[in-house]
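Novice: Sharing a structure below in structure tokens format, with a few things to ask.
The values are calculated or read from the model by the stated rules, or taken from the named source; none is laboratory data. All values reported here derive from a predicted model rather than from experimental measurement. Note that we place each Cβ from the backbone using ideal geometry, even for glycine, and neighbour counts take in every protein chain shown.
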Amino acid sequence: MCCDDFGGHANLVHLSVNKNKLASVQGLKNFAQLQSLALAKNQLTSVRELEDMPNLRSLDLSNNKFEQLAEMPALPSLETLDL
């Protein structure tokens, strides 16, 4: 399951999609206004698609299937990262 069809919410500031069996976050890449994103308890192995989120301050990636985060995008406003 992925977020490819999740669009039309350009002004969204907080989003929680915990426990949704997501394998990809590709559809979230156009949410430039997001400040808080909760992606816990999914099936993610990469978050490189989260680039271009200059306002993201809080990111919860806990309980996913990451082996490493070598492809973590630059998130200049990030203050909190939960793994």
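Novice: Which of the residues spanning segment 15-58 are of a type in the set (A, V, I, L, M, F, W, C) and part of a strand (DSSP E or B)?
Specialist: Result: LEU15, LEU37, ALA38.
Novice: Then there's this: Enumerate the pairs (first residue in segment 42-69 and without any contact (Cβ under 8 Å) to a residue 40 or more places away in the chain and within 17 Å of PHE31 (Cα to Cα); second residue anywhere and of a type in the set (Phe, Trp, Tyr) and part of a loop (DSSP other than H, G, I, E, B)) with beta-carbon separation below 8 Å, excluding pairs fewer than 6 apart on the same chain, so at least 6 apart or on different chains.
Specialist: Between residues of segment 42-69 that are without any contact (Cβ under 8 Å) to a residue 40 or more places away in the chain and within 17 Å of PHE31 (Cα to Cα) and residues that are of a type in the set (Phe, Trp, Tyr) and part of a loop (DSSP other than H, G, I, E, B), the close pairs are MET53/PHE31.
Novice: Could you list, in sequence order, all residues of segment 47-70 that are touching an Asp or Glu at 6+ places or on another chain (Cβ under 6 Å) and of a type in the set (S, T, N, Q)? Let's see the steps before the verdict.
Specialist: Our first condition is that a residue be touching an Asp or Glu at 6+ places or on another chain (Cβ under 6 Å); within segment 47-70, this holds for 48, 57, 60, 62.
Result: SER62, single match.
Novice: Would you confirm whether or not segment 65-73 contains a residue that is assigned to a loop (DSSP other than H, G, I, E, B), at pLDDT 95 or above and within 11 Å of the chain's Cα centre (by Cα)?
Specialist: no
Novice: For segment 74-82, check the following and say yes or no: at least one residue is in contact with a Lys or Arg (Cβ under 8 Å, 6 or more places away or on another chain), surrounded by 13 or more Cβ atoms within 10 Å (Cβ to Cβ) and either at pLDDT below 90 or not charged (D, E, K, R) (or both).
Specialist: Yes, the conditions are met somewhere in segment 74-82.
Novice: Let me ask something else. Exactly one of these conditions fails for LEU12: (1) assigned to a loop (DSSP other than H, G, I, E, B); (2) of a type in the set (A, V, I, L, M, F, W, C); (3) in contact with a strand residue (DSSP E or B) (Cβ under 8 Å, 6 or more places away or on another chain). Give me its number.
Specialist: The number of the failed condition is (3).
Novice: If you go through segment 39-71, how many residues are farther than 19 Å from HIS14 by Cβ and among the β-branched types (Val, Ile, Thr)?
Specialist: 1
Novice: State all residues of segment 31-62 that are of a type in the set (S, T, N, Q) and either modelled with pLDDT of 95 or more or surrounded by fewer than 16 Cβ atoms within 10 Å (Cβ to Cβ) (or both); if no residue qualifies, say none. Give the derivation first.
Specialist: Within segment 31-62, the subset of a type in the set (S, T, N, Q) is 33, 35-36, 42-43, 45-46, 55, 58, 62.
GLN33, GLN35, SER36, ASN42, GLN43, THR45, ASN55, SER58, SER62 - these are the residues of segment 31-62 that are of a type in the set (S, T, N, Q) and either modelled with pLDDT of 95 or more or surrounded by fewer than 16 Cβ atoms within 10 Å (Cβ to Cβ) (or both).
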